[in-house]
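Colleague: Sharing a structure here in structure tokens format.
The values are calculated or read from the model by the stated rules, or taken from the named source; none is laboratory data. Keep in mind that what you see is a predicted model, and the values were worked out from it rather than measured. Here the Cβ positions follow ideal geometry from the backbone for every residue, glycine too, while neighbour counts run over all protein chains shown. Ligands, DNA and RNA are stripped out before the accessible areas are found, and what is left, the full protein with its side chains, is counted by its heavy atoms. Shrake-Rupley method; radii C 1.70, N 1.55, O 1.52, S 1.80 Å.
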Amino acid sequence: MITASTRMVALLGHPVEHSLSPRMQNAAFAARALDVAYVPLGVPPEQLEDAVRGLVALGFLGANVTTPHKRAVVALCDEVEGGIESVNTLVIRDGRVLGSSTDTEALGDRCPGKAVVVGAGGAATAWIAELEARGAEVRVFARKGEWPPNVEDAELVVQATPVKDELLFEPRVGQTVIDLAYRSEGGETAHVTAAHAAGCEVVDGLEVLVLQGAASFERWTGLPAPVDVMRAAVRS
């Protein structure tokens with residue numbers, strides 16, 4: 001039940017209808033008995049600034065930011081963690097908008113020597129920065145740049161495009177493949193299926209969603225995220 005005392009968290013993107021984040025985050029808030037509700041808000045690019053100002057004016061606790069706004073929203077933050085160029089989490093505190101990124105939580109403690117990132121969006125930007133910060137040699141492939149992807153000598157491949165059905169590269173045995181795309185209706189993407197068949201270590205898009213979502217939850221609430229509840233919510 002949403003009441004006058006319920007705190008709100010938003011998902012800002014365009015489109016947002018496919019996202020499993022509302023199901024996952026509302027399950028997490030309920031598991032921690034928090035009077036917080038998570039709502040998806042479709043925001044066209046030309047309305048992003050008004051939307052962020054609206055969150056502040058309405059007393060929102062924060063927001064997630066998804067395609068296509070992750071880079072554009074940086075300029076609308078009062079403070080950005082670590083000078084990053086892509087933001088997926090907003091915390092609103094004392095009228096200030098604090099931006100950070102949890103997009104790369106699925107990397108864990110991995111420190112690959114050579115990595116490939118496929119894609120050119122906001123999530124790809126976050127992954128490139130994090131991998132380079134860990135000392136990786138990173139090659140980036142995008143349709144508007146170098147293409148097709150060559151992953152032969154990569155230890156880690158991050159599939160950071162929304163592509164689910166087309167195989168953009170052939171995974172190889174011994175690689176770790178992290179696919180950010182997922183099917184909201186369930187089932188594997190083409191890259192996850194191919195990576196499993198090749199004997200790769202695989203982190204699928206649903207696990208990526210859970211791990212980044214758990215980190216966002218902790219930023220908004222200051223509480224440990226109920227990761228098992230969140231995982232069950234997106235895989236049910």
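Colleague: So which pairs qualify, if the first residue must be in segment 137-149 and assigned to a loop (DSSP other than H, G, I, E, B), the second must be surrounded by 14 or more Cβ atoms within 10 Å (Cβ to Cβ) and of a type in the set (G, A, S), the Cβ gap must be under 8 Å, and the two must be at least 6 apart or on different chains?
Modeller: Within 8 Å, the pairs are A142/G119; A142/A120; A142/A124; R143/A120; K144/A120; G145/A120.
Colleague: Are there any pairs, at least 6 apart or on different chains, whose C-beta atoms fall under 8 Å, with the first in segment 177-200 and within 13 Å of Q159 (Cα to Cα) and without any contact (Cβ under 8 Å) to a residue 40 or more places away in the chain and the second of a type in the set (F, W, Y) and open to solvent by 20 Å² or more (accessible area, probe 1.4 Å), and if so, which?
Modeller: From residues that are within 13 Å of Q159 (Cα to Cα) and without any contact (Cβ under 8 Å) to a residue 40 or more places away in the chain, the pairs are T189/Y182.
Colleague: Just give me the residues in segment 6-34 being more than 21 Å from S184 (Cα to Cα), open to solvent by less than 70 Å² (accessible area, probe 1.4 Å) and in a loop (DSSP other than H, G, I, E, B), in sequence order.
Modeller: If the condition is that a residue be more than 21 Å from S184 (Cα to Cα), open to solvent by less than 70 Å² (accessible area, probe 1.4 Å) and in a loop (DSSP other than H, G, I, E, B), then T6, L34 are the ones that fit.
Colleague: Test each condition in (1) of a type in the set (S, T, N, Q); (2) closer than 18 Å to Q212 by Cβ; (3) open to solvent by 60 Å² or more (accessible area, probe 1.4 Å); (4) not in a loop (DSSP other than H, G, I, E, B) for N64 and report the one that comes out false.
Modeller: Unmet condition: (3).
Colleague: Here's a follow-up. Return the total of residues in segment 221-236 being outside any loop (DSSP other than H, G, I, E, B) and out of contact with any strand residue (DSSP E or B) (no Cβ under 8 Å at 6 or more places or on another chain).
Modeller: The first filter runs over segment 221-236 and keeps only residues outside any loop (DSSP other than H, G, I, E, B), leaving 221, 227-235.
Still in the list and also out of contact with any strand residue (DSSP E or B) (no Cβ under 8 Å at 6 or more places or on another chain): 227-235.
Selection size over segment 221-236: 9.
Colleague: Within segment 116-149, can you find the residues that are more than 19 Å from the chain's Cα centre (by Cα), open to solvent by less than 50 Å² (accessible area, probe 1.4 Å) and on the phi > 0 side of the Ramachandran plot?
Modeller: None - no residue of segment 116-149 is more than 19 Å from the chain's Cα centre (by Cα), open to solvent by less than 50 Å² (accessible area, probe 1.4 Å) and on the phi > 0 side of the Ramachandran plot, so the list stays empty.
Colleague: Based on this model, can you work out whether V80 counts as among the aliphatic types (A, V, I, L, M), open to solvent by 20 Å² or more (accessible area, probe 1.4 Å), closer than 22 Å to A120 by Cα and at pLDDT 95 or above? Talk me through it step by step, then tell me what you get.
Modeller: Working: among the aliphatic types (A, V, I, L, M): yes; open to solvent by 20 Å² or more (accessible area, probe 1.4 Å): yes; closer than 22 Å to A120 by Cα: yes; at pLDDT 95 or above: yes.
Answer is yes for this residue.
Colleague: All but one of (1) more than 12 Å from the chain's Cα centre (by Cα); (2) open to solvent by 40 Å² or more (accessible area, probe 1.4 Å) hold for L211; state the number of the condition that does not hold.
Modeller: Against the list (1) more than 12 Å from the chain's Cα centre (by Cα); (2) open to solvent by 40 Å² or more (accessible area, probe 1.4 Å), L211 comes up short only on (1).
Colleague: Now a separate question. For a quick check of your reading of the model, give me the residue pairs whose first member lies in segment 4-20 and is touching a residue at least 60 places away in the same chain (Cβ under 8 Å), whose second is of a type in the set (V, I, T) and open to solvent by less than 30 Å² (accessible area, probe 1.4 Å), with beta-carbon atoms closer than 9 Å and at least 6 apart or on different chains.
Modeller: Once the first residue is touching a residue at least 60 places away in the same chain (Cβ under 8 Å) and sits in segment 4-20, its partners that are of a type in the set (V, I, T) and open to solvent by less than 30 Å² (accessible area, probe 1.4 Å) give V9/V36; L12/V43; L12/V52; L12/V65; L12/V73; L20/V234.
Colleague: Here is a follow-up. Go through V177, V140 for me and flag whichever is under 25 Å from L20 (Cβ atoms), in contact with a strand residue (DSSP E or B) (Cβ under 7 Å, 6 or more places away or on another chain) and of a type in the set (V, I, T). Talk me through it step by step, then tell me what you get.
Modeller: Working: V140 fails: under 25 Å from L20 (Cβ atoms).
Only one candidate qualifies: V177.
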